[in-house]
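Chemist: Got a structure here, written out as structure tokens. Questions coming.
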Amino acid sequence: MDTPTPSASDEHLARAMAADLIQACRTESTQNAIAEAMGIAPSTLSTMISKDLDRWCLFVVKLKKKVVPASARCYRPDKVQALLTLARAHLASIERPEQLLEAEPLQWE
């Protein structure tokens, strides 16, 4: 059975993800802490990173998932669009900077 070749864009995304993860655990103390939390030796973690990280990142890309910082938040596009619509409506009524400090209700057409 032939294994399908990943697309160049998938490989690019996987490499970028792997580079980001490697950068995040760049310091020895971080890598040691991760290894300890996983219950493995730091050398084992280092081997896993060098041998398997690219494949696991490609796995994540193929699942159409991504790795983001824990502090990142996701918002539904329709909610963001609603907020942008309200913001544009309010900003369209602003004629001078002082109005930004005044509490005026929105004027709907």
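Every number in this text was worked out from the coordinates using simple rules, so none of it is lab data. Note that the structure is a prediction, hence the values are computed from the model and not measured. Neighbour counts run over all protein chains shown; Cβ positions are idealised from the backbone, glycine included.
Chemist: Roughly how many nanometres apart are two label points built 7 Å out from the Cα toward the Cβ at D52 and D78?
Modeler: 4.1
Chemist: Peptides 21-29, 41-49, 76-84: what's the order by average Cβ count within 10 Å, highest mean first?
Modeler: 41-49, 21-29, 76-84
Chemist: What distance in nm lies between label points placed 7 Å from Cα along the C-beta direction at A8 and I34?
Modeler: Those two pseudo-labels are separated by 2.9 nm.
Chemist: Taking only Cα atoms, what is the 0 to 90° angle, nearest 10, from helix 42-62's long axis to the longest principal axis of the chain?
Modeler: Once rounded, the angle reads 50 degrees.
Chemist: Among A37, A89, M17, pick out the residue whose Cα is farthest towards the positive end of the charge dipole of the chain, where Lys and Arg carry +1 and Asp and Glu carry -1 on C-beta, about the Cα centre.
Modeler: Value computed over the given set: A37.
Chemist: Out of (1) 1.00; (2) 1.23; (3) 1.27, which label holds the value of Rg/Rh (Cα atoms, Kirkwood Rh) that was computed here?
Modeler: (3)
Chemist: Need one word for the stretch 8-63: rounded, prolate or oblate. Basis is the Cα gyration tensor (sqrt eigenvalues a ≥ b ≥ c); a/c below 1.5 gives rounded, then a/b vs b/c decides.
Modeler: prolate
Chemist: Would you mind working out the magnitude of the charge dipole of the chain relative to its Cα centre, with +1 at each Lys and Arg C-beta and -1 at each Asp and Glu C-beta, to the nearest 20 Debye?
Modeler: Details: 13 positive and 14 negative charges, 80 e Å.
Once rounded to the nearest 20, the dipole reads 380 debye.
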